[in-house]
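Note sheet for the following structure.
The values are calculated or read from the model by the stated rules, or taken from the named source; none is laboratory data. None of these values were measured; they are calculated from a predicted model. Cβ: placed from backbone, ideal geometry, glycine included. Neighbour counts: every protein chain shown. Remember, those area values only see protein heavy atoms, side chains included, never the ligands or the DNA or RNA. Shrake-Rupley method; radii C 1.70, N 1.55, O 1.52, S 1.80 Å.
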Amino acid sequence: MFWKFDLHSSSHIDTLLEREDVTLKELMDEEDVLQECKAQNRKLIDFLLKLECLEDLVSFIIEEPPQDMDEQIRYKYPNISCELLTSDVSQINDRLGEEESLLMKLYSFLLNESPLNPLLASFFSKVLSILISRKPEEIVDFLKKKHDFVDLIIKHIGTSAIMDLLLRLLTCIEPPQPRQEVLNWLNEERIIQRLVEIVHPSQDEDRHSNASQSLCEIIRLSRDQMLQVQNSSEPDPLLASLEKQEIIEQLLSNIFHKEKNESAIVSAIQILLTLLETRRQTFEGHIEICPPGMSNSKYSVNKSVLEAIKARLSSFHELLLEPPKKSVMKTTWGVLDPPVGNTRLNVIRLISSLLQTNTSSVNQELIELNSIGDMFFKYTWNNFLHTQVEICIALILANPLESMENGTITDQDSTGDNLLLKHLFLKCQLIERILEAWEMNEKKQAEGGRRYGYMGHLTRIANCIVHSTDKGPNSTQVQQLIKELPEEVRERWETFCTNSLGETNKRNTVDLVTTCHIHSSSDDEIDFKETGFSQDSSLQQAFSDYQMQQMTSNFIDQFGFNDEKFKSTQPTPKMPPTQSDLSSVLNTLMPYGERERMGVLPENRVDTDSRKNSCFGM
């Protein structure tokens, strides 16, 4: 019986703990130390709770391992120490969070010079983060007493783990009142202003990126919290500071600094893009981007942000024309001189976000930007650029005719027409550009050249115009603008929509896989269906000869079953032929021409016609 045997295997850790001279390293060398700790092994927990053991665990995390150690085991003890301290054992959390000497020792890691060891920084951040989530009041009080905490966070913001720690401080504290106190404390320490100062050409790229990401996450976290707790009496001080006019002006001055540092420009634009995001609550706390035209003040973009950006749109236009200098890029299809670059791509993303706000005064300024369309056709293979241009055109076509600002309609002319639409069709000559690019592509392909990389996006733009003409919110004006085109252009467009575009759409809607029925493995009856072999007499004779042949030893060797364990005194049964066996025999007995005529092909030859008709033929 099973209960007669003791199947419980005691851990070797228990045996070690019975020794009075056992050391922490000896326990950490055991493979199951983490498992035993998480399983609340009482002897092990009591040992780890000793002050000297906790001090050693913290020391492993914050002190650089000896350089002469083997690289494979150099970070073994720091890693195990981090896992033990973050195993979420309440006794360890309580002792570590309440013992100020241990917190001081842990905090001393921030006093090191930059750059911090990224691996040790991740261990430090993980331990302090779980303490913040489990002992928020004690840890926040401890950090507030350290007047240099925010200074050290700013100093080491180039280390990603320290950036994560800052964000953990904002997300791990769930009760509203303690969280508001943390926000007020960080705001008093001018955390927003100091992060914005880092996004400057004089700083390193890592600091640019992490400071920008921190500010973007602060914006999103603050807005999400405001949506989920809509009855909060106190506004989010960090978000309010970020949306101030002077902060936006500082970001813009960093973008248009005479040094033109691409890393600083892109990082600052990322912050502006996040500020332009409009978000709303959908269901069960889920958040989604708000569509254009949402008028509720809680969901709209802050006007100070829009006004500050609008005043510098001409500078953004110059940045499109003269981005930071980039070296010539050689590609497989040609030379880019200059490449599009991350700067111009992010400027166009900013324009796309501004169009989404559908603000009349901003739309008036955007009419002056004419370089986007030229870039679309110049950079044939940059699909990131093509996507943003497509979004811009789709937004112009989809935005409502009327956009109210201060009670008046300001983005329409005296006839009530949408100025952006008129600019798109008449000044930018969108229809003519589409027709010219399409004809150039067909001519190039007819000469054996490669299809242009923007043709897929051009097809989508053309379809968007057709849809807007028929069913869009601006269908009346779009139809009128097309009627105002020269007669020759209008006829070409109508022919294009009927022929070239229609054929392309039809080709794009063809299923890549034919809808043939595929039986599952549970359809056992399929094994019993008769195979439709040819009824030719020579084929039947070959099959009959195959059935009549004896299972000789040579035949067995051929199929790989010549093994001692298969030998038996019993007579060998005659096995039914498989389809592969039959193909092999037929390939041997019949001439190739006869096999091809009868539809029997060798296994290594692909029948292209049957492949085209197969379920996966393309």
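Between V510 and T332, the distance separating the two model label sites (each 7 Å from Cα on the Cα→Cβ line) works out to 2.5 nm. Counting heavy atoms of the protein chains alone, E18 has an accessible area of about 130 Å² for a 1.4 Å probe. Pairs spanning more than 31 Å between alpha-carbon atoms, out of K155/K258; K43/K126; K260/K378; K135/K303; K50/K126; K43/K135: K135/K303.
Solvent-accessible surface of region 85-193, taken per residue with a 1.4 Å probe and all protein chains present: 42 Å².
Across region 98-113, rounded Karplus estimates of 3J(HN,Hα) from the backbone phi angles (6.51 cos²θ - 1.76 cosθ + 1.60, θ = phi - 60°) give 9, 8, 5, 5, 5, 5, 5, 5, 5, 5, 4, 4, 5, 7, 5, 6 Hz, Gly and Pro being marked x.
Heavy-atom accessible surface of R168, to the nearest 10 Å², is about 120 Å², with a 1.4 Å probe and all protein chains retained. Other residues within the sphere of radius under 11 Å centred on the Cβ of T387, judged by their own Cβ, net out at +1 (K and R +1, D and E -1). Amide H contacts for L116 (H built 1.01 Å from N in the peptide plane; partners 5 or more residues away or on another chain; cut-off under 5 Å): none found.
The order of K38, K325 by accessible area, most exposed first and with a 1.4 Å probe, is K325, K38.
Per-peptide packing, taken as the mean over residues of other Cβ atoms within 10 Å, places 125-132, 237-244, 19-26 in the sequence 125-132, 237-244, 19-26 from highest down. Using the beta-carbon distance between S108 and E205 and R0 = 30 Å, what value does 1/(1 + (r/R0)^6) give for FRET efficiency, to the nearest 0.05? Computed FRET efficiency for S108 and E205: 0.60. Using the Cβ-Cβ distance between E52 and K325 with R0 set to 35 Å, the FRET efficiency works out to roughly 0.05. Taken along its three principal axes, the alpha carbon spread of region 201-272 comes to 45, 23, 14 Å, from the longest extent down to the shortest.
Sequentially through region 377-394, phi angles give Karplus couplings (6.51, -1.76, 1.60; θ = phi - 60°) of 8, 6, 9, 5, 10, 8, 6, 4, 5, 4, 4, 5, 5, 4, 5, 4, 5, 5 Hz, Gly and Pro residues having no value and appearing as x. Each residue, D29 and F377, gets one label point 7 Å from its Cα in the Cβ direction; the gap between the two is 7.5 nm. How large is ³J(HN,Hα), in whole Hz, for each residue of region 170-187 in order, when computed from phi with the Karplus curve 6.51 cos²θ - 1.76 cosθ + 1.60 and θ = phi - 60°, using x for Gly and Pro? Ordered by residue, 3J(HN,Hα) equals 8, 9, 7, 9, 8, x, x, 5, x, 5, 5, 5, 5, 4, 5, 5, 5, 5 Hz.
Taking 0.36 nm per residue of separation and subtracting the current Cα-Cα distance, fully stretching the chain between A240 and S59 would add 61.2 nm.
The listed residues L51, L458, L345, once ranked by accessible area (1.4 Å probe) with the largest placed first, stand as L51, L345, L458. Close amide H contacts of Y75 (hydrogens built in the peptide plane, cut-off under 5 Å, sequence separation of 5 or more or a different chain): none are found. Here the calculated FRET efficiency for E188 and M440, from their Cβ-Cβ distance with R0 = 60 Å, stands at 0.50, rounded to the nearest 0.05.
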